Amino acid sequence: MLSAADADEPRHELCADILRRHHRELVIPAPAVAETAWMIESRLGPAAEARFLRLITSGELDVIDLTLADYGRCVQLIETYADMGLGLVDASVVTVAERLRIGTIATLNRRDFSVVRPLHVEAFELLP
């Protein structure tokens, strides 16, 4: 999301294109909203943070809250991938994808998401 928001980011156009092509199809786990908003605000300012949050209020992004079972799965993932420092936000992306049976993830974090093995598919397809 940060790259989609930052026109100076080298991969901006690739990331912004994903938002355009997947109009109202994208989901974001609730823990990722807070982290993304903080990153955007700290690097690009409050106006950019507000634009990000408008993606949610307009329905462009669908926020998925975690269930207790999801938090349990996040704990499993964090413990399993402790050596690579997988945290709650990335674990929540995996967990929500598993629950919703989503096989494609929009991320620039290939390091984590190419290693993590979801329960519902052999591996995630990573965009861009």
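Taking K and R as +1 and D and E as -1, what net charge do the other residues with C-beta under 15 Å from the C-beta of T80 add up to?
-3
With Kirkwood's inverse mean 1/r over C-alpha pairs for Rh, give me the Rg to Rh ratio of the chain, two decimals please.
My calculation puts Rg/Rh at 0.95.
Measure nothing but the geometry: give the 0 to 90° angle between the long axis through the Cα atoms of 12-21 and the longest principal axis through the Cα atoms of the chain, rounded to 10°.
For 12-21 against the chain, the angle is about 80 degrees.
For L66, enumerate residues with amide H under 5 Å from its amide H, sequence gap 5+ or separate chain, H modeled in the peptide plane.
When sequence neighbours closer than 5 places are left aside, the close amide H contacts are A30.
If Lys and Arg each add +1 and Asp and Glu each add -1, what is the summed charge of the other residues whose beta carbon sits under 12 Å from the beta carbon of L53?
Surrounding charge for L53 is -1.
Non-local amide H neighbours of V27 (under 5 Å, H modeled in plane, Pro and chain starts lacking H): which ones?
Sorted by chain and number, the residues that satisfy this are D62.
What 222 nm value per residue comes from the helices of the chain, counting each DSSP H run with n ≥ 4 as -39,500 (n - 2.57) and dividing by all residues, nearest 500 deg cm²/dmol?
-16500 deg cm²/dmol
Report the charge-dipole magnitude of the chain in Debye, nearest 20, computed about the Cα centre from +1 at each Lys and Arg Cβ and -1 at each Asp and Glu Cβ.
That gives a dipole near 220 debye.
What angle do you read, to the nearest 10 degrees and between 0 and 90, between the alpha-carbon axis of helix 88-100 and the longest principal axis of the chain?
It is inclined by approximately 80 degrees.
Efficiency by 1/(1 + (r/R0)^6): what FRET value for R110 and H23, r their Cβ-Cβ distance, R0 = 25 Å, to the nearest 0.05?
It comes to 0.55.
What net charge is computed for the residues neighbouring A37, neighbours being all others with C-beta under 11 Å from the C-beta of A37, Lys and Arg scored +1, Asp and Glu -1?
Once positives and negatives cancel, what remains is -2.
Give the angle, between 0 and 90 degrees and rounded to the nearest 10, that separates the Cα long axis of helix 46-57 from the longest principal axis of the Cα atoms of the chain.
Once rounded, the angle reads 60 degrees.
Throughout, read-outs are computed from the coordinates displayed, never taken from laboratory work. Computed from a predicted model, the values in this text were never measured in an experiment. Heads up, the Cβs are rebuilt from the backbone with ideal geometry, glycines too, and the neighbour counts pull from every protein chain shown.
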